[in-house]
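Participant: Okay, here's the structure, questions in a sec.
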Amino acid sequence: MHQLDTGFRVRGVKLYAWCLQIHCWPGQTYIDEFPRHWIFMNNQRQRELQSHVHYNHTDPSKYARWTARESFQFMYARPWQRVNDFYFNIVRGNLSLPLLFGAQTLVDHNDTGIAALSDKIELESVSSQDRGGRWARMTFKIILSYHGGSFDGWQKQPGLNTVQSNVEASLGKFVDEKKTQLLKGKGLPIEGCAVVAGRTDKGVTGLQQVCSFYTWKKNVKPKDIEDAINGAAPGKLRVISVSEVSRVFHPNFSAKWRRYLYIFPLTNGGYRDQNSDNEEFYESIKYKEIHDSDSKDELENENKSYVFSVSKVNQLLRKLEGQLLSYKMFARDTKASRNDGPPTECFVYHARAMEVKLPSSDYEEETKVMCVELVANRFLRKMVRVLVATSIREAAAGAEDDGLIKLMDATCRRATAPPAPPDGLCLVDVGYTEFDPKICFILME
């Protein structure tokens, strides 16, 4: 039995390890492998390095594409508070989305300025007479408006102020006796269960988020549910409507499409004008970023543009309309098992961009913004934010009009830009009938 002193280097740091032993058996000699945690640490470090290497794009463009860090800085160097305030005023009922678009507006608005949903087929009400057994329960469809900047996302999480936790706590008083006893027996708080059409991330606003709640408790009135939820977070969470629907209704599975709107603030001038105090930092980014090549001369010769056209973004997005495509390159935090096949496929009905002015009396200078409207049968995790950021990057680089389509065939998600800030995103509404292309905010070609 012998021992072997072995050393190896990871990023310049020498790590010493003792192989366990050389075992000598009759006719056989071998060395046990290094401890697994050392190999794991080495592989983990390599993955971290690769994640920061600039993707080698082969698709033609007039200018070099931004690195991930440059894209991130460009997205976040914006007056996002103005967009936050605009959404906050919509949630409170002081403003409406049609103010952004003038003559281009949806029809049949409610007080949020969003088209009323028609649920004649999927949401047929069940007669309250002679209901028994499993049909005795009452199911309510709840449409909510909430300000993303005031909550830690939709999904309930321990110690966080989420929309779901506020809603379900408010529904506790409407839980039936059987479930109440069950929750008490487990030492759990008396809360209702709200099923949602789609979870939104922290910072993302919902203007007509749809959720459902059911109970076997008798004599529950829609107005009682509305008052209970409105009292949970006044001014930040507001009920648009509550209605009793069939028990077969499911906010997520019954939906045929979702509509998202992204508001991106525009400022005059190029990239360095976004924040003059950080001009030297922006100049040094391309030297600090880790690239495929270590040649500084090559980096200095890269010609990049930080000015983009809204009309170019519109042209890029229009190419997505009417196609069933796999958006796995535009998704984030998606499990490996969902990287291929139908789970990543989405059908985009509507994808447009338009420049407008942000209505607000709180600021002396008006804010020009780009609005991106996306309607699809489904959206992947952070898909809208990645689409917006990537379309802006491709527009600035002067890519071809089918630039987004070509990125669908990329082999690594580094081919797309990091997600745009969540502050600009809002879930506008969810549809339960066939999509009507005439009922949109941005109709211009």
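The numbers here are math on the coordinates, done by the rules we state, and not lab data. All values derive from a computational prediction rather than experimental measurement. All Cβ positions, even for glycine, are placed from backbone atoms using ideal geometry, and neighbour counts span all protein chains on display.
Participant: Classify segment 380-435: rounded, prolate or oblate, from the alpha-carbon gyration tensor (a ≥ b ≥ c, eigenvalue square roots; a/c under 1.5 rounded; otherwise prolate if a/b is larger than b/c)? List each step's numbers first, then the result.
Facilitator: Details: a/c = 1.93, a/b = 1.61, b/c = 1.20.
In terms of gyration-tensor shape, prolate.
Participant: So, in Å, what gap is there between the alpha-carbon centers of segment 370-445 and segment 180-201?
Facilitator: A separation of 33 Å, based on Cα centres.
Participant: Mind sorting 387, 99, 407 by how few other Cβ atoms lie within 10 Å of their own Cβ, fewest first?
Facilitator: On the way: 387 28, 99 17, 407 21.
Ordered from fewest to most neighbouring Cβ atoms within 10 Å, 387, 99, 407 come out as 99, 407, 387.
Participant: Where does each of 172-185, 419-432 land if you order them by average Cβ count within 10 Å, highest first?
Facilitator: Working: 172-185: 13.6, 419-432: 24.1.
Packing order, densest peptide first, comes out as 419-432, 172-185.
Participant: Highest mean first, how do 377-386, 318-327 rank when packing is the count of other Cβ atoms within 10 Å averaged over residues? Working shown, then result.
Facilitator: Working: 377-386: 20.8, 318-327: 16.5.
Per-residue mean Cβ counts within 10 Å order the peptides as 377-386, 318-327.
Participant: When we measure straight from the Cα of residue 328, which lysines land under 21 angstrom away, once same-chain ones fewer than 8 places off are left out?
Facilitator: 256, 319, 382, 406
Participant: Loop only by DSSP, 14 or fewer other Cβ within 10 Å of the Cβ. Give me the GluC sites (Glu not before Pro) in segment 370-437 that pass, ordered by residue number.
Facilitator: Working: sites: 373, 394, 400, 434; in loops: 400, 434.
Sparse-neighbourhood loop GluC sites (Glu not before Pro): 434.
Participant: Right, something else. Over segment 123-253, what is the mean sequence separation of C-alpha contacts under 8 Å (at least six apart), divided by residue count, expressed as relative contact order in percent? Don't jump to the answer; show the numbers that get you there.
Facilitator: Values: 245 pairs, mean separation 53.9, N = 131.
RCO, segment 123-253: 41 percent.
Participant: Normalise the Cα radius of gyration of segment 159-211 by 2.2 N^0.38 Å (N = residues in it) and let me know the number. Each step should come with its number before you reach the end.
Facilitator: Working: Rg = 12.9 Å, N = 53, 2.2 N^0.38 = 9.9 Å.
Normalised Rg, Cα atoms only: 1.30.
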